[in-house]
Amino acid sequence: MDFTSDVHVEAAQIQEQIEEHLGLKGNGLVFEFSREKDNVKLDLITVNPRHNQSFLFHSVIGFDKVDALKRMLAYVKTYKQEESSYTIQWTKRGEHELHTSYFSAKHIHDALDKLYYGRDMNTITVFSVVLNPVT
């Protein structure tokens, strides 16, 4: 039996490459897979340990889990050249501490969608969204 084609090992290796490229290890990234028609959707979610909140980093659709991971790896290698950087200042409803989060996105609505991913929009108050200068 050929163990070099083990899809679980290949998937784990690609996930590790994504983590290394982004510099996020352990609980900093969540790989969330779901079925979308005949394909696999991968939502890559970041977890910020400072304010204990999660945000969408990016979504891709692939033929299977490994294909989706390969597409995500390709994205993380090029997103800084292809997307703009946004700074969003926000608070959790009922709290007074102002948080600052950074998002890469094609446009302002995409950045806000990443902020609100998986949560009720009424749980966060946004104070500012700034397109960061290109460096």
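The values are calculated or read from the model by the stated rules, or taken from the named source; none is laboratory data. Note that this is a predicted model, so its numbers are computed, not measured. For neighbour counting, all protein chains shown are included, and Cβ atoms are generated from backbone atoms with ideal geometry for every residue, glycine included.
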Hey, among the residues in segment 29-66 that are surrounded by fewer than 16 Cβ atoms within 10 Å (Cβ to Cβ) and acidic (D, E), which one's modelled with the lowest pLDDT?
-> E36
Residue hits (segment 7-28; charged (D, E, K, R), surrounded by 11 or more Cβ atoms within 10 Å (Cβ to Cβ) and without any contact (Cβ under 8 Å) to a residue 24 or more places away in the chain) are E16, E19, E20
Please find, among L56, L115, the residue that is of a type in the set (A, V, I, L, M, F, W, C), within 27 Å of S34 (Cα to Cα), part of a strand (DSSP E or B) and in contact (Cβ under 8 Å) with a residue 40 or more places away in the chain.
-> L56
In segment 87-103, anything free of Cβ contacts under 8 Å to residues at least 40 places away in the same chain, surrounded by 15 or more Cβ atoms within 10 Å (Cβ to Cβ) and under 16 Å from L56 (Cα atoms) is listed as W90
Residues being surrounded by 15 or more Cβ atoms within 10 Å (Cβ to Cβ) and modelled with pLDDT under 95 - total across segment 105-135 | 1
W90 vs (1) at pLDDT 90 or above; (2) part of a loop (DSSP other than H, G, I, E, B): all pass except (2)
So which residues in segment 9-51 are on the phi > 0 side of the Ramachandran plot, within 15 Å of the chain's Cα centre (by Cα) and not in a helix (DSSP H, G or I), if there are any at all?
-> G23
Would you check if I45 is in contact (Cβ under 8 Å) with a residue 40 or more places away in the chain and either out of contact with any strand residue (DSSP E or B) (no Cβ under 8 Å at 6 or more places or on another chain) or farther than 20 Å from K106 by Cα (or both)?
-> no
